[in-house]
Every structure is written in structure tokens, then in C-alpha cells.
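Step one of this worksheet: look at the structure below.
Read the figures in this text as sums done on the coordinates, not as results from a lab. In this text, all values refer to a predicted model and were calculated from it rather than measured experimentally. For neighbour counting, all protein chains shown are included, and Cβ atoms are generated from backbone atoms with ideal geometry for every residue, glycine included.
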Amino acid sequence: MDVDVAVIGAGQAGLSAGYFLRRSDLSSVVLDHADGPGGAWRHRWPTLTLGRTHHIHDLPGMPLGTPDTSRPASEVVAEYFGRYERETGLDVRRPVDVTQVTSEPDGRLLLGTSDGPYGARALINATGTWERPFWPYYPGRETFRGRQLHTADYRGPDAFAGRRVLVVGGGASGVQALLEIAGVAAATAWVTRRPPVWRDGPFDAEAGRASVGRVAERVRAGLPPGSVVGATGLALTPEVRDGIERGVLVRRPMFARVVPDGVVWADGTAFDADVILWATGFRAALDHLAPLGLRGPGGGVALDGALTTRVAADPRVHLLGYGPSASTIGANRAGRAAVREIAAVLGGTRVTGAEIVTGV
């Protein structure tokens, strides 16, 4: 099958791009490897309710509305994304695994997939990070006799009842999981590479622009985007304040090594652990793009364009959900901008405001 634009991934960024492509004269298809709608949200743990998440921004053209905030976010978002796909008429094909993308002599991009080959004149990659949990190596990690898991595998606190749990990582997911686990565990400890930066008060538009600007600067230089928390800080919610006051959120520096029964610091102090939860984030799922040679010497993919989504080395390719577009509101704006820039490359379509004007 040949199309003008192929979109890989049907999370917030992919659906946003699909929406604006539907309002253009460009043929398109959205390929998603999951067996149902919801993107990475469908994998969030059941105890993460909608009211405890960061704000979920509306997809373009159809608001989320006012759902019950006590329901699991995984259910609410999956239902919303599914409804969005149906009502906007998006051609989302699933489950389809994209194994590689190559450049053909005729200028097309060829997608090798579990559904056969797809040809495209341009590509919007919106695969996010959920498929690439990052497991850092620390000396002795292989000797640990207890259980090790990543937050990608976390399904709630019940499995940690009566256990001694070490949480490694300073992101929002690690903090949320630690606060839950502390209520049932025999003991907990929290270690991070850097001291947490607590953000008090609202995260306003100015702060958001500043955070996005710092991430955009990195990806324009071809560096890996870095963590979201590193740019935004951790919100001092009432739940977090309570955790600090109760001594749950007391950060320790990184340990020197892992031992069979826990971890040991350089000064000889130790924490005996039954479980290590690695809340160490994710990396961009871009392995299928390796044949295109997009990574530079800085270790990342250099991006440019209006909202820093266009691959500098190949203007046919846009990365959404990577760098400054890795947020729910950023994904919407990036989807529109990416379609506008692809239309300029392919010709025959332009975007104005929130809509696309064709035939110009």
C-alpha cells in the first residue's frame, strides 16, 4: 500500500497528526502495534486514577469532557482515544508492528511491517518511549536475590505488602509509586542521581515555555532530549507534601553497588531490600528507523522546524513525542505543525490556524 504520509503510533501525538492529515489532501494511514486504542496510557497501573495524573489535554476537534476522576486513567484515556478514532474517521490499523523503515531509490520511504510493506512519501513517527524502559547498570545488580522490576511493569502496591522496597529514580512515576507502596511495605527507601527539584505553585504557561525551550535546544543540537522532570521539576501536591512530612520522600544519593540482599553506599551504610523498583525512565523507541541513519554524533536525532519535529538530516521524517513535543499539549501543536511542514515539502496543501486549506 502506498500513501503520501504514514504515521507510526496512535497515542496522543499520532492521533493529532492523523486528525490534521484527514483535513488535508494528503493520503495517509496510522499504524499502531497495540491491539486497542489508548497508546501508552492503556498500560498504566490500575491505582493511577485520572485525578492523580498530570493534565490530559484534549485531542484536536473533540474534548475529553468531564469524566469521573476516580476511575483508572488507563480506562478513561483508552475509551476517549477509541471514541476519537471512530468519530474522526481515522484509518488506524492494528495490531501492526513496524520493523524497519528504509529509503528507496525512487525517494519513497518503505515501511517493513507485520501487515506487509507500506510505501510513503513522508513519515510521522509517534512511537513514544513506553516500549523502551531504561535499566541502568550498577555494579552487582546481577547478584541481587530479590525481585527487580521497572515502573513499566508496576501494577499497584499490593505486590509489595510486607516487603522492604527500594525505589530508584526521581521522576513523577517513581514518586507516585513510592507513595503508594509506602502504605503497605515494611520499609521503603528512595534514591536518585540528583536531589529532587520541587516545584511549588502552578505550572503556568511561562514556565511551560521555558521548559520546552530547554528541551528544544538540546534536540536542535542533536543531543538526547533528557528527562521531563529535569526540565519541569516535581510538583508539590498535597499528597507529596504529606509524603515529605511522613519521611517517605526522603531522598538518598545513589548507592555504590548492589549486593545480594540490598544496596550499599560508599560510606558503608546499607539498605536491606526484598524488591528494587527501577523508576529510571524510558528512551525513545526509534530502533525501526536505524536504517535511515538519523542519529548524529551527539547520540540523539537533530531536529529543526517550526516546533522542532522535523529531522534535520531528512525533511521527509518528523518525530512527534520526542523532545519538546513529548507532552499532551505539545503533541497536539506538533501534529499540526508537522502536517503543515510535510505539506510544504510534498506540495499542494497548506495549514492555517487549526485547520488545513487544500488546493493552493
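Figures for the structure shown
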{"quantity": "Antiparallel DSSP beta bridges within segment 1-119, as percent of all bridges there, nearest 5", "calculated": "55"}
{"quantity": "The chain: antiparallel DSSP beta bridges as a percent of all, rounded to 5", "calculated": "45"}
{"quantity": "Amide proton proximity set for T113, modelled H, under 5 Å, gap of 5+", "calculated": "T99, Y118"}
{"quantity": "Other-chain or far-sequence residues with amide H under 5 Å of T309's (modelled H)", "calculated": "D304"}
{"quantity": "Along each principal axis, Cα extent of the chain, largest first, Å", "calculated": "68, 44, 38"}
{"quantity": "Point-charge dipole on Cβ atoms (K/R +1, D/E -1) for the chain, about Cα centre, debye to 20", "calculated": "720"}
{"quantity": "Karplus 3J(HN,Hα) series, Hz, for segment 10-27 with 6.51 cos²θ - 1.76 cosθ + 1.60 (x for Gly, Pro)", "calculated": "10, x, 4, 5, x, 5, 4, 4, x, 4, 6, 5, 4, 9, 10, 9, 9, 6"}
{"quantity": "Peptides ranked, highest mean first, by Cβ atoms within 10 Å: ranges 167-173, 214-220", "calculated": "167-173, 214-220"}
{"quantity": "Unit charges at the beta carbon, dipole of segment 94-216: most positive-side option, Q176, P95, P117", "calculated": "Q176"}
{"quantity": "On Cα atoms only, tilt of 328-346 relative to the major axis of the chain in degrees", "calculated": "30"}
{"quantity": "Calculated over segment 48-88: convex hull of Cα atoms, volume per residue (Å³)", "calculated": "58"}
{"quantity": "In Hz, Karplus ³J(HN,Hα) per residue of segment 151-165 (6.51, -1.76, 1.60; θ = phi - 60°; x = Gly, Pro)", "calculated": "4, 4, 9, 6, 10, x, x, 4, 5, 9, 4, x, 9, 9, 10"}
{"quantity": "Computed helical MRE - 222 nm, the chain, DSSP H runs ≥ 4 contributing -39500 (n - 2.57), nearest 500", "calculated": "-7500 deg cm²/dmol"}
{"quantity": "Whole-number percent relative contact order across the chain, with pairs defined as alpha carbons under 8 Å at least 6 apart", "calculated": "22"}
{"quantity": "Phi-based couplings in Hz for segment 288-298 (Karplus 6.51, -1.76, 1.60; Gly and Pro marked x)", "calculated": "5, 8, 3, x, 7, x, 7, 6, x, x, x"}
{"quantity": "Spacing of the two label points (7 Å from each Cα toward its C-beta) at A270 and R194, in nm", "calculated": "3.2"}
